[in-house]
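The values are calculated or read from the model by the stated rules, or taken from the named source; none is laboratory data. No experiment lies behind these values; they were computed from the predicted model shown. Counting neighbours? That spans all protein chains shown, and the Cβs are built from the backbone with ideal geometry, glycine included. These area figures cover heavy atoms from the full protein model, side chains too; ligands, DNA and RNA do not enter into them. Shrake-Rupley method; radii C 1.70, N 1.55, O 1.52, S 1.80 Å.
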Amino acid sequence: MNTRQEEITLQPLKAGGEMSGCYLCTSKIPLTKEGILSIYTNQPELLLDLKNLVIAKGYESSLRRGKLDLVFYDWHALQNTMDYLKTALPNKKKLAVKCSLSLITESPSDYIPFEEMYMKVMNPRLVKIIQEKLFRSFLQPIVRAEDEEVYGYEFLLRPRSQLYHFNPGELFAFSQKAGMHAMLDGEARMNAIRTSSMMLDHGLKRFINFLPSSIYDPEFCLKTTFQAVEEYQIRPEDLVFEVVETEEIENMKHLKKILNYYRNAGVKVALDDLGSGYSTIDVMSELTPDFAKLDRELIRGCHKSKSKQKEIQTISQVAQNIGVTLLAEGIESEEEWAFLRTKVDLGQGYYFGKPAETPLKQYVK
């Protein structure tokens, strides 16, 4: 990382103008060839260690006002610096370090944990996709078991351009590690709402995913969501917001708060991936969602597996008892559907239709 010898005057950020959302939803990093990496820690001795590390590596830096500033003129040099610091610093010390990335003409702001900054610096392409919203919503049909008519659609994130292709699962996994999950989750939700207003008639359900961990305060974090619902004239009862975090639910109280907020707004809620590892019956019984989706792993080959059939039957009975509409996703064959259609209310999968740019009037077998 080369630095120029002349003194660099850092101008303060312009004052005025409120942020449109919380830090998690609005914080962006400049993806430019030159800028300033600013490193902060409340441990003075660690700051000196960091300075010695970059000096030993041959980089120039300035230590002032309790932070270490490194000016870079090449993104690869920035990546090399972050990679070097990640290797050189013990994990305990990395936890005490925060970083900011800014243009040369601006003061550093929005200090974030070292590991989050590392992920962003090492994956600028994914950062660009999220920051510039280089994605769109595809629709996958959901059909009723009783008559096989289209009941609604799930909205799934897909690349907007082949120049910026991505795997949706990998993009969301990256966003979690990079501290960008609130931004991605919110923008994906808005995109789905906007797309549904253009594609679907009233009465068709719109299943839209959301990450509970991205919503720390429903009233604040979901304000723009419901502004969009009103702007695009979508009936709340046509919306189904679907929990997609399949790991064990740790903060049940927080999740209940989010689901209740949705319900009070007239929106339906769904629980995803039942049968994928955590206590399915207990979670479904405690949360009593409007919809519950059976995990695709439980569905795959269910017509040939007695153990899967027994589990599906048990979940189906409990769902019926507590008034939960049961949906089987990942259906790929006629045999799977033949077994499932008497156990579930709704079906979804490639057997009915793959995710597509436009909705189906009726699936084609």
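Being surrounded by fewer than 20 Cβ atoms within 10 Å (Cβ to Cβ) and touching a strand residue (DSSP E or B) at 6+ places or on another chain (Cβ under 9 Å) narrows it down to one residue among Leu139, Leu134, Leu184; which is it? After applying the criteria, what remains is Leu134. Scanning region 108-128 for residues that are surrounded by 14 or more Cβ atoms within 10 Å (Cβ to Cβ) and either among the small types (Gly, Ala, Ser) or modelled with pLDDT under 90 (or both) turns up Pro108, Asp110.
Scanning region 33-56 for residues that are out of contact with any strand residue (DSSP E or B) (no Cβ under 7 Å at 6 or more places or on another chain), of a type outside the set (Asp, Glu) and free of Cβ contacts under 8 Å to residues at least 40 places away in the same chain yields Pro44, Leu48, Asn52, Leu53, Ile55, Ala56.
Conditions tested, residue by residue: (1) open to solvent by 10 Å² or more (accessible area, probe 1.4 Å); (2) without any contact (Cβ under 8 Å) to a residue 60 or more places away in the chain; (3) touching a His at 6+ places or on another chain (Cβ under 6 Å).
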{"residue": "Tyr151", "(1), (2), (3)": "yes, no, no"}
{"residue": "Ile193", "(1), (2), (3)": "no, yes, no"}
{"residue": "Ser196", "(1), (2), (3)": "no, yes, no"}
{"residue": "Phe207", "(1), (2), (3)": "no, no, no"}
{"residue": "Phe210", "(1), (2), (3)": "no, yes, no"}
{"residue": "Glu219", "(1), (2), (3)": "yes, yes, no"}
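Taking the criterion of being touching a Gly at 6+ places or on another chain (Cβ under 6 Å), open to solvent by less than 40 Å² (accessible area, probe 1.4 Å) and at pLDDT below 95, the only residue of region 331-365 that qualifies is Tyr363. Test Ile312 against the criterion of being of a type in the set (A, V, I, L, M), open to solvent by less than 10 Å² (accessible area, probe 1.4 Å) and under 26 Å from the mean Cα position of the chain (by Cα), and give yes or no. It is false that Ile312 is of a type in the set (A, V, I, L, M), open to solvent by less than 10 Å² (accessible area, probe 1.4 Å) and under 26 Å from the mean Cα position of the chain (by Cα).
So that you can scan it fast, the table gives a plain yes or no per residue for (1) aromatic (Phe, Trp, Tyr); (2) touching a residue at least 60 places away in the same chain (Cβ under 8 Å); (3) closer than 30 Å to Val240 by Cβ:
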site	(1), (2), (3)
Asn80	no, yes, no
Lys93	no, no, no
Ser102	no, yes, no
Leu126	no, no, yes
Leu139	no, yes, yes
Arg144	no, yes, yes
Asp147	no, no, yes
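Annotation note: of Arg160, Arg189, the sole residue that is of a type in the set (Lys, Arg) and either surrounded by fewer than 19 Cβ atoms within 10 Å (Cβ to Cβ) or closer than 15 Å to Ile129 by Cβ (or both) is Arg160.
If I go through region 28-40 residue by residue, how many of them are assigned to a loop (DSSP other than H, G, I, E, B) and open to solvent by less than 10 Å² (accessible area, probe 1.4 Å)? Qualifying residue count, region 28-40: 0. Within region 44-78, the set of residues being open to solvent by 20 Å² or more (accessible area, probe 1.4 Å), of a type outside the set (Ser, Thr, Tyr), farther than 20 Å from Lys93 by Cβ and not in a strand (DSSP E or B) comprises Gly58, Glu60, Arg65, Asp74, Trp75, His76.
Asp74 - would you say it is of a type in the set (Asp, Glu) and farther than 17 Å from Tyr111 by Cβ? When the stated conditions are applied, Asp74 passes them. If you go through region 79-95 and pick out every residue that is hydrophobic (A, V, I, L, M, F, W, C), open to solvent by less than 30 Å² (accessible area, probe 1.4 Å) and more than 26 Å from the chain's Cα centre (by Cα), you end up with 2.
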